[in-house]
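Some notes on the structure that comes next.
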Amino acid sequence: MNNKNLNKLITEALAIEAEIAKEADSIGYMARVLTQATLPHKKVIGSEFTRTNGLFSLTILTPEKIGLPYGSVPRLLLAWLTTEAVRTKKTELVLGHTLSEFMAQLGLVPTGGRWGTITRLREQMQRLFSSSISCSYEKSGFVSAGMGLNIAKDYCLWWHPKKPEQASMWQSTVTLSRDFFDEVTSRPIPIDMRALNALKRSPLALDIYCWLTYRMSYLKKQTSIPWVALETQFGAEYGRTRDFKRKFLSQLKAVSTVYPEAKIEEGDTCLILSPSKPHIPLVTSIKGE
């Protein structure tokens, strides 16, 4: 992480500390299941991806011609979807009157071209809304449980990619499947949307922040987590465990800047967590509930 990015994070962190999330109306939510195992960080070839966290496994499936969601954008989308589902208590979510309006809610600035944010957002929305999630739990070889759910029942995007400020005649919407809606609204994890905006350049940093926020909400005693286990949970695609550890610690530094209350120590073979003040208490409710 270069000094420019670190200075920007520190500035954003000070702003977060200056005003609690509830007063800033910046409390959001992430589905609990998606804090325990996560989406790909980089583009993955194929139509199936599995991430494992101990006895828990999460598999993402998508039509091969569309491809799997990856990177920061689907994570920002999932946080927005979960937050809106909790806030409105509706399965059909309106994505804003214009593309620019919706992108602003995600903390994205519209840019055109093949590699611009508009193209990337539309592609990742299609990938995410076309995906289904399968979760499984295995214990002792004889106890197993699982569930499968589609993310979206249907979606319709009416925005003109070359005219992001232009309102369309019809509203762009996504209707969450009932199973996904029930899952994300039954046990949502409170997060600070300003922290997500500050960390959005790194999907790994987003994952670490959401995971730490959830983990610290119930941690009662010091816990050591082997680096090998964290690698399986957060990113086996980094190659060697030491390569993953180096990348993880780099992004953990950024997360600690926006969540300084998290008590974390680096060990040779493990990461050590100590009971800490949650970034957002679980009992916190968002405006409108």
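The values are calculated or read from the model by the stated rules, or taken from the named source; none is laboratory data. Note that the coordinates shown come from a computational prediction; the quantities given were computed from them, not determined experimentally. Counting neighbours? That spans all protein chains shown, and the Cβs are built from the backbone with ideal geometry, glycine included. Remember, those area values only see protein heavy atoms, side chains included, never the ligands or the DNA or RNA. Shrake-Rupley method; radii C 1.70, N 1.55, O 1.52, S 1.80 Å.
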| said: Residue under question is residue 34, and the condition is that it be closer than 16 Å to residue 147 by Cα and open to solvent by less than 30 Å² (accessible area, probe 1.4 Å); does it hold? | reply: yes
| request: Kindly state which strands (runs of 3 or more DSSP E) lie completely within segment 1-79 and contain at least 3 residues that are at pLDDT 85 or above and under 18 Å from residue 198 (Cα atoms). | output: 27-31
| Given (1) farther than 30 Å from residue 217 by Cβ; (2) in contact with a strand residue (DSSP E or B) (Cβ under 7 Å, 6 or more places away or on another chain), number of the condition residue 111 does not satisfy | (2)
| open to solvent by 40 Å² or more (accessible area, probe 1.4 Å) and either assigned to a strand (DSSP E or B) or closer than 26 Å to residue 80 by Cα (or both), is that true of residue 242? | no
| request: State whether the residues of segment 93-111 include one that is under 14 Å from the mean Cα position of the chain (by Cα) and polar (S, T, N, Q). | output: no
| request: Would you be able to say whether some residue in segment 60-71 is within 11 Å of the chain's Cα centre (by Cα), open to solvent by less than 30 Å² (accessible area, probe 1.4 Å) and within 25 Å of residue 256 (Cβ to Cβ)? | output: yes
| Cβ-Cβ below 7 Å, separation at least six or inter-chain, first residue in segment 177-188 and of a type in the set (Gly, Ala, Ser), second open to solvent by 30 Å² or more (accessible area, probe 1.4 Å): which pairs? | 177/150; 177/153
| task | Report whether or not residue 104 is in a helix (DSSP H, G or I) and either touching a Ser or Thr at 6+ places or on another chain (Cβ under 9 Å) or at pLDDT below 90 (or both). | result | no
